[in-house]
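The values are calculated or read from the model by the stated rules, or taken from the named source; none is laboratory data. Remember, it's a predicted structure, so these values are computed and weren't measured experimentally. All Cβ positions, even for glycine, are placed from backbone atoms using ideal geometry, and neighbour counts span all protein chains on display. Quick note on the areas: whole protein, heavy atoms, side chains included, nothing else; ligands and nucleic acids left out. Shrake-Rupley method; radii C 1.70, N 1.55, O 1.52, S 1.80 Å.
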Amino acid sequence: MHPRALRTGFALAAFLGAGLFFARQPMSARSYLPLLGGGASVWTAAQLFFLLCLLAGYLLAHLGPRVLGEARYPFAHLALVALGLAAHRADAPTALGPGAPALAIARSLLADDGALVVLLAATSPLLQRWHGRAFPASDPYRLASASNLGSLAALLAYPFALEPRWGLAVQRRAWDACLGLLLALLVPCAVAGARGAPAPEPSRSEGRPWTVRARWVLLPFVTTSVTLGATASITQDLSPVPLLWVLPLALHLGTFAWAFRGDARAPEALFPLAVLVASAVFLTSAAGASSGPAVLALTLLAVGLLGVCLHGRLAQERPPVGALTGYNLAIAAGGALAGALHALVAPAVFTRVTEHPLSLALAVALLPSSQAPGDTQTRTRDVLVPLAVALLATGLRGVAPPDKSAALLVVGVPWALLLLASSGRRLRLALGFVALLCVRGTDPAVRFEARTFYGTVRVDEARGLRRMFHGSTLHGVSRTDQPPHPMAYYHPDTPIGALLARLAREAPAARVAVVGLGAGMLCAWAVPGQRWTFFELDPMVERVARRWFPYLSAARAPVEVVLGDARLALGERTGAFDLVVLDAFSSDAIPAHLLTREGLSVALRALRPGGRLAVHVTNRYLRMEGVLAATGRALGLRAWVRRGVVRDLTGGPVTTWVLLRRVDDLDGRPQDPGWAPLDPRGAPWTDDHHALGSVLRWR
C-alpha cells in the first residue's frame with residue numbers, strides 16, 4: 001500500500017476506534033436509566049466501567065506485544081476483534097442482577113460489551129505502536145490527535161445528531177456496523193505494524209524517576225475527578241441526559257487533545273484565571289447552590305481551564321516512543337482510580353457530593369505557581385491561614401440565620417478572605433478549601449444526612465420548621481409545633497391539593513397510588529375509607545419519612561409503602577386505583593422513564609375506569625407539559641394543565657401539574673374545574689427514543 005494511503009488508513013482507524021469507544025458510553029448509560037430510577041449516578045457507574053475497560057485495554061496493548069511478539073500480536077488483535085463482533089448482541093438490557101446498583105451495572109456491561117470495549121480501548125495505543133514501527137521517523141503522538149478528534153466528534157454528535165433522530169435499537173445496530181468498518185481499516189494497519197521495524201526501547205538513561213511516573217497517574221486522576229464531579233453536580237439538579245453527560249467529558253478530551261497537539265504549553269497568565277474560576281465553582285458547590293445556567297457555564301469553564309493547565313503539564317512529561325504504552329497505562333490508571341472514587345468510595349464515605357469540591361481543591365494545589373516555595377515562616381502560614389479560616393467559619397455558623405443565606409455566609413465570607421490571603425500560594429488555598437469542607441459538615445441545624453446510589457438525603461430543622469432535601473431540592477416539610485397538615489407543594493391552593501380535596505368529597509372510598517414518597521406529605525389528604533399506596537425506589541427515603549416526619553404515622557387512612565421500581569410494582573396492580581399520582585423526583589430532575597409511552601402505559605393499566613393520572617412537572621429547567629400531552633394522546637388520553645403558587649415557602653414558587661384522563665371515560669362529563677386544556681407538542685416519548693435536551697429551558 002502507498003505510504004500516504006497507509007497513513008490515511010491509520011488516521012481513519014484511530015478516529016473511528018476512539019469514536020466508537022466514546023459513543024458507546026452515553027448509549028450504554030442511557031439504556032440503564034429506566035432500570036435504576038433515572039438517577040444521575042447511573043452515568044458515574046457507567047463511567048467507572050469504561051474507565052476500567054480503558055485501563056484493561058491499555059494493559060493489553062502494553063503486555064500483548066511483549067507476550068506474543070511484535071510481529072504476531074497484530075494478527076491476534078484482529079482475530080479477537082472479529083470474534084467479539086461475531087458474538088456481540090445489540091439488545092438493550094432489560095434487567096439488572098442483585099447487589100449494589102453500581103456493581104450491577106458493571107456486571108451487566110461486562111457481560112454485554114466488556115470484551116469489545118476492552119479491545120477498542122487497546123486499539124488506540126496499538127495503532128500508535130504499529131504506526132511507530134511502520135514509520136520510524138514519524139511522531140506517533142500525532143496519531144493521538146486523530147483519536148482525540150474521533151472521541152470529540154462522537155461525544156458531540158450523540159446528543160445533537162444521533163439521539164434526537166435515532167432510537168437506542170437503531171443506534172446499537174449502527175454501532176455494530178461501524179465496528180465492522182473499523183475491522184476492515186485495521187487489517188492493513190496490523191500488517192504494516194507486524195512487518196515494520198521494532199520501536200526502540202527506552203534506555204536506562206531515558207527512564208523517568210518515580211515522582212514523574214506518579215504525576216502520570218496523579219494528573220489524569222485529578223482532571224478525571226474534576227470532570228466526573230462536575231457532571232454529577234450538574235445532572236443532580238438539571239437532568240441525567242446525554243447532553244449534560246458529554247459536555248464535561250468533551251471538554252476533558254478536548255483539552256487533552258490540545259495538550260498533545262505538539263509542543264502545546266498553557267500560557268502562564270491562564271493559571272490565575274483557572275484558580276479564580278475553580279474557586280468560584282468550589283464556592284457554589286460547597287454552599288449548595290443549585291445548578292442553574294450560570295453555575296452550569298462556570299462549572300464547564302472550570303473543567304476546561306483546569307484541563308488545559310493540568311493536561312498541558314502531563315503532555316510536557318511524555319516519554320519517548322518506546323515507553324508509550326507504559327505512559328498510556330499510567331494515564332488510564334489515574335482515570336480508573338478517579339472513577340472508583342466517585343462511583344464506589346465517595347457514596348460510602350461522604351453524605352454529600354463532597355468529592356466535587358475536594359477534587360477542585362486538589363486541582364488548585366497542582367496548578368503551577370510563579371512564586372518560590374517560600375521560607376519556613378511562609379510555609380507555616382500555609383497551614384495557619386486555613387486553620388484561621390476554619391475557626392472563622394465555625395464562629396459564623398453560630399450566628400448565621402437558619403435559611404438559604406446561612407451557607408453563603410458561613411462559606412462565602414471565609415472563602416473571600418482566604419482568596420485574599422492566598423495570592424499565589426496554591427497549597428494554602430487548597431488546604432483552606434478542605435478546611436471549609438470540614439466546617440460545612442458540622443452544621444448544627446442538620447438532624448440527619450445520608451447518601452445512597454439514588455442521591456443525597458438531608459433533614460434540617462430551625463424555628464419549628466423541619467425540611468427534607470434530596471440533593472439541593474426541597475422534598476418535604478413539616479411544622480414541629482403543629483399537627484401534620486398539607487403544606488408547600490401540596491397546600492390546598494395548589495393543583496394537587498384542589499384535586500385531592502375534590503376526591504375526598506366525591507370518592508371517600510377511593511384507592512390512591514403515589515409514585516415517589518418524599519416525606520409522605522401527600523397522605524395528609526387521606527380521609528377515612530380511602531386506601532393509599534406509595535411506591536418508592538430508595539429505601540433510605542422511607543426510613544427518613546418514618547423517622548423524621550409525622551405524615552405516614554398520622555394518616556387517617558391505611559397507607560402502604562412499596563419499595564422498588566414503580567414501573568414493575570405498579571404494573572402488578574391492574575385496575576386497582578382511582579387516582580395515580582406521579583410525583584417522583586431525583587433532586588430536581590424528573591425521571592424520564594416514567595413519562596415515556598411505556599411508563600404511562602403502566603400507570604394507565606393501574607387505573608380503574610374513570611380514573612385520573614396526575615403528573616407533577618414542576619421543574620426549574622425542563623418544560624415537560626407539551627411532550628407529556630403528546631405522549632398521552634398517543635395512548636388515548638386527554639391532558640389538562642394547572643399551575644398554582646406554593647404556600648409556606650419563601651418566594652412563593654409556582655407548581656405545575658398535568659392531569660390525564662382516558663378520552664373514552666369523559667363521555668361529555670365536565671372537566672375538572674380549574675384545569676386548562678393542554679395542547680400536545682413534539683413527538684411522543686418512548687423508552688427507545690426520547691431526548692430531554694428538547695425540553696430544556698435554555699433561558
- Item | Among (1) open to solvent by 10 Å² or more (accessible area, probe 1.4 Å); (2) closer than 30 Å to L120 by Cβ; (3) among the small types (G, A, S) - the single one A336 does not satisfy | (1)
- Message: When the residues of segment 627-664 are narrowed to those that are touching a Lys or Arg at 6+ places or on another chain (Cβ under 9 Å) and touching a residue at least 60 places away in the same chain (Cβ under 8 Å), which ends up surrounded by the fewest Cβ atoms within 10 Å (Cβ to Cβ)?
- Response: T650
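Do you know which residues across segment 191-220 are part of a loop (DSSP other than H, G, I, E, B), closer than 16 Å to E317 by Cα and at pLDDT below 75? I'd like the intermediate steps shown before the answer.
Taking segment 191-220 as the starting set, the residues that turn out to be part of a loop (DSSP other than H, G, I, E, B) are 196-203, 207-209.
From the residues that got through so far, the ones that are closer than 16 Å to E317 by Cα too are 202, 207-209.
Correct list: P202, G207, R208.
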- Among (1) within 23 Å of S124 (Cα to Cα); (2) at pLDDT below 90; (3) surrounded by fewer than 19 Cβ atoms within 10 Å (Cβ to Cβ); (4) not β-branched (V, I, T) - the single one A259 does not satisfy: (3)
- Message: I need every pair where a residue in segment 116-134 that is surrounded by fewer than 24 Cβ atoms within 10 Å (Cβ to Cβ) has its Cβ under 9 Å from the Cβ of a residue that is among the acidic types (D, E), sequence separation at least 6 or different chains.
- Response: R133/E70
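For segment 468-499, what are the residues that are in a strand (DSSP E or B) and touching a residue at least 60 places away in the same chain (Cβ under 8 Å)? Reasoning before the result, please.
The first filter runs over segment 468-499 and keeps only residues in a strand (DSSP E or B), leaving 468-470, 473-479.
Within segment 468-499, M468, H470, T473, L474, H475, G476, V477, S478 meet the criteria.
Can you name every residue in segment 1-49 that is closer than 30 Å to S138 by Cα and under 14 Å from the mean Cα position of the chain (by Cα)?
So in segment 1-49, the residues closer than 30 Å to S138 by Cα come out as 1-23.
Listed by number, the list is empty, since nothing qualifies.
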- Query: What number of residues within segment 149-177 satisfy the criterion of being surrounded by fewer than 24 Cβ atoms within 10 Å (Cβ to Cβ) and closer than 21 Å to G254 by Cβ?
  - Reply: 9
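This table checks each residue for (1) within 30 Å of F585 (Cα to Cα); (2) in contact with a Ser or Thr (Cβ under 8 Å, 6 or more places away or on another chain).
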residue	(1), (2)
L6	no, no
F10	no, no
G38	yes, yes
V42	yes, no
G69	no, no
H77	no, yes
- Pick out the one residue from E536, E506, E598 that is acidic (D, E), more than 28 Å from G471 (Cα to Cα) and modelled with pLDDT under 95. E506
- Across (1) open to solvent by less than 20 Å² (accessible area, probe 1.4 Å); (2) modelled with pLDDT under 80; (3) not aliphatic (A, V, I, L, M), G398 clears everything bar (1)
- Query: Would you call L52 assigned to a helix (DSSP H, G or I), open to solvent by 40 Å² or more (accessible area, probe 1.4 Å) and either at pLDDT below 85 or within 30 Å of E536 (Cα to Cα) (or both)?
  - Reply: no
- Restrict the check to segment 292-299 and report whether at least one residue is in a loop (DSSP other than H, G, I, E, B), touching a helix residue (DSSP H, G or I) at 6+ places or on another chain (Cβ under 6 Å), within 30 Å of N619 (Cα to Cα) and open to solvent by 10 Å² or more (accessible area, probe 1.4 Å). no
- Task: For segment 563-583, state whether one or more residues are in a strand (DSSP E or B) and not aliphatic (A, V, I, L, M).
- Result: yes
- Query: Given the conditions (1) under 22 Å from T686 (Cβ atoms); (2) in contact with a Pro (Cβ under 6 Å, 6 or more places away or on another chain); (3) open to solvent by 30 Å² or more (accessible area, probe 1.4 Å), which single one is not true for L568?
  - Reply: (2)
- Task: Answer yes or no as to whether A280 is open to solvent by 20 Å² or more (accessible area, probe 1.4 Å), modelled with pLDDT under 80 and in contact with a Leu (Cβ under 9 Å, 6 or more places away or on another chain).
- Result: no
- Residues of segment 635-689 being of a type outside the set (A, V, I, L, M, F, W, C), closer than 21 Å to L500 by Cβ and modelled with pLDDT of 85 or more, which ones? R638, R642, R643, G644, T655, T656, R661, R662
- Task: Being among the small types (G, A, S) and more than 18 Å from C178 (Cβ to Cβ) is the filter; apply it to segment 58-91 and report the residue that is surrounded by the most Cβ atoms within 10 Å (Cβ to Cβ).
- Result: A61
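Out of L329, L344, L360, I need the residue that is open to solvent by less than 10 Å² (accessible area, probe 1.4 Å) and either part of a helix (DSSP H, G or I) or free of Cβ contacts under 8 Å to residues at least 24 places away in the same chain (or both). Which one? Steps first, please.
Numbers: L329 fails: open to solvent by less than 10 Å² (accessible area, probe 1.4 Å); L344 fails: open to solvent by less than 10 Å² (accessible area, probe 1.4 Å).
From the options L329, L344, L360, the qualifying one is L360.
Can you say whether F22 is at pLDDT 85 or above, assigned to a helix (DSSP H, G or I), within 16 Å of A177 (Cα to Cα) and open to solvent by 10 Å² or more (accessible area, probe 1.4 Å), as far as the supplied structure shows?
Details: at pLDDT 85 or above: yes; assigned to a helix (DSSP H, G or I): yes; within 16 Å of A177 (Cα to Cα): yes; open to solvent by 10 Å² or more (accessible area, probe 1.4 Å): yes.
In short, yes.
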- Item | Hits in segment 591-618 (condition: in contact with a Gly (Cβ under 6 Å, 6 or more places away or on another chain) and in a helix (DSSP H, G or I)) | A592, H593, V602
- So A46, is it in contact (Cβ under 8 Å) with a residue 60 or more places away in the chain and open to solvent by 50 Å² or more (accessible area, probe 1.4 Å): no
- Task: Return yes when L384 is within 28 Å of the chain's Cα centre (by Cα), assigned to a helix (DSSP H, G or I) and modelled with pLDDT of 90 or more and no when it is not.
- Result: no
